[in-house]
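Working notes, structure below.
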Amino acid sequence: MGTFCSVIKFENLQELKRLCHWGPIIALGVIAICSTMAMIDSVLWYWPLHTTGGSVNFIMLINWTVMILYNYFNAMFVGPGFVPLGWKPEISQDTMYLQYCKVCQAYKAPRSHHCRKCNRCVMKMDHHCPWINNCCGYQNHASFTLFLLLAPLGCIHAAFIFVMTMYTQLYHRLSFGWNTVKIDMSAARRDPLPIVPFGLAAFATTLFALGLALGTTIAVGMLFFIQMKIILRNKTSIESWIEEKAKDRIQYYQLDEVFVFPYDMGSRWRNFKQVFTWSGVPEGDGLEWPVREGCHQYSLTIEQLKQKADKRVRSVRYKVIEDYSGACCPLNKGIKTFFTSPCTEEPRIQLQKGEFILATRGLRYWLYGDKILDDSFIEVL
């Protein structure tokens, strides 16, 4: 109830501007199309007033829609939680373990990262999600993950309704044989007219909604699997990458040390409870975190400082050999480059032949890193 009230407070009404973005428009459009068509088709296939099963089916359908929208708007409007402006640790000596954010004019708390889209340091930042037009982090990680779970389940239910509706409606109009398909008009004359006419337009719309439902089930289901995988390890997507770079750094320099991720409680259930609670409010305050034995609050931030210091040495310097406009999905760079464009809203940098790039991470066709400009570094993708 407390989470629900936080959504409808007056001061949060300004957050409604988040809806004016292609991500929420598409996401809510898919939800609206699938839910509306499923309810209409339920009238044709399994009218709830006829049987108990029909009533249960209709109530479940409405229930899916309400729960999906509830968790979606929670994830969007409650937000991830931001590090307070001007924040610094209680013990002044601990600042030596932390990075300083010049934009927020504050130290970055453990597990927090600066989001250039939100223009704030986000507590326990996982990623900036364009579908909710907000970051996924400390406060809304549970709601976001529940949305990723409920959306495929609701789409599976809707897809079943679509298939059964098309089957039953076509069955009354067509007589299927092994070699021929014949129109059976006697059934149409004998049966009463349906409440909602199932014509060509209704069939095409139902087929379109079925495609959306199946596509959403696959795509969102994969995202749910990824999120649950990192939640059960008490990590975020960013921290998984930090851990990978830590192991690579140790292996590269052949150091006699072992990196232990400090926030893994050693039990999947304990890690799960760090995000999902009965009250709906995650454990902790988003600034300090329980750590496993042998680690302390700044184990991960110390590793980040090591990687940052190593970045100028280990990063690969590339020279630009052809101009690049900075387009999100460039068609003139090849089909493979176009279809493997990173799924992020971070800006691509415009490059000119002869400039230099300091790459800190590489995919097969894309590089993450900094543009070297007058001995200064500007973070870009």
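The values are calculated or read from the model by the stated rules, or taken from the named source; none is laboratory data. Only a predicted model underlies this, so the values are computations on that prediction, with no experimental measurement involved. So basically every Cβ, Gly included, is an ideal-geometry build from the backbone, and we count neighbours across all protein chains shown. Accessible surface areas use protein heavy atoms only, side chains included; no ligands, DNA or RNA. Shrake-Rupley method; radii C 1.70, N 1.55, O 1.52, S 1.80 Å.
Of the heavy-atom accessible surface of region 315-371 (probe 1.4 angstrom), what whole percent is carbon and sulfur? All intermediate terms of the calculation are to be shown ahead of the outcome.
On the way: 2120 of 3770 Å².
Here it works out to 56 percent.
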Q: Could you work out how far apart the two model spin labels at R268 and K333 are, taking each label as a point 7 Å from the Cα in the direction of the beta carbon, and quote it in nm?
A: 3.8
Q | Cα principal axis extents for region 315-371, largest first, Å | A | 25, 21, 18
Q) Ordering L207, L149 from largest to smallest accessible area (1.4 angstrom probe), what's the sequence? A) L207, L149
Q.
Given a Förster distance of 35 Å, report the FRET efficiency between W241 and V43 from their Cβ-Cβ distance, rounded to the nearest 0.05.
A. 0.10
(Q) Along the Cα→Cβ direction, 7 angstrom out, place labels at L305 and Y324. What is the inter-label distance in nm? (A) 3.3
Q.
For region 32-164, place one equal point scatterer on every Cα, skip the solvent, and apply the Debye formula. What is log10 of I(q)/I(0) at q = 0.10, 0.17 Å⁻¹?
A. -0.48, -0.85
Q: At 0.36 nm per residue, minus the direct Cα-Cα distance, what do V163 and C295 gain on full extension? Give it in nm, one decimal, please.
A: 42.1 nm
Q.
Let me see the P(r) profile for region 8-95: every Cα-Cα distance counted, bins of 5 Å, each bin given as a percent of all pairs.
A. 3, 10, 15, 15, 12, 10, 9, 9, 5, 3, 3, 2, 2, 1, 0
**Q.** L170 accessible area, assembled protein chains, probe 1.4 Å, Å²
**A.** 50
**Q.** Probe 1.4 Å, accessible area per residue of region 315-371, Å²
**A.** 66
Q.
Spelling out what I want: for every residue of region 33-46, take phi, set θ = phi - 60°, compute 6.51 cos²θ - 1.76 cosθ + 1.60 (Karplus), and round to whole Hz; glycine and proline get x.
A. 5, 5, 5, 5, 5, 5, 5, 5, 5, 5, 5, 6, 8, 8
(Q) If DNA, RNA and ligands are ignored and the probe is 1.4 Å, what is the ranking of T52, T205 by accessible area, most exposed first? (A) T52, T205
Q) Per-residue accessible area for W241 at 1.4 Å probe radius, Å² rounded to 10? A) 70
Q) Nearest 0.05, what FRET efficiency do D285 and L170 give at R0 = 51 Å with Cβ-Cβ as r? A) 0.30
Q: With a 1.4 Å probe and all protein chains in place, put S325, S42 in order of accessible area, largest first.
A: S325, S42
**Q.** Simple spin-label estimate for M96 and I62 in nanometres, 7 Å along Cα-Cβ
**A.** 6.4
**Q.** Value of Rg/Rh across region 102-176 [Cα atoms, Kirkwood radius]
**A.** 1.39
Q | Those lysines that a straight Cα-Cα span of less than 22 Å connects to K245, excepting residues fewer than 8 apart in one chain | A | K108, K124, K229, K235, K306, K308, K311, K371
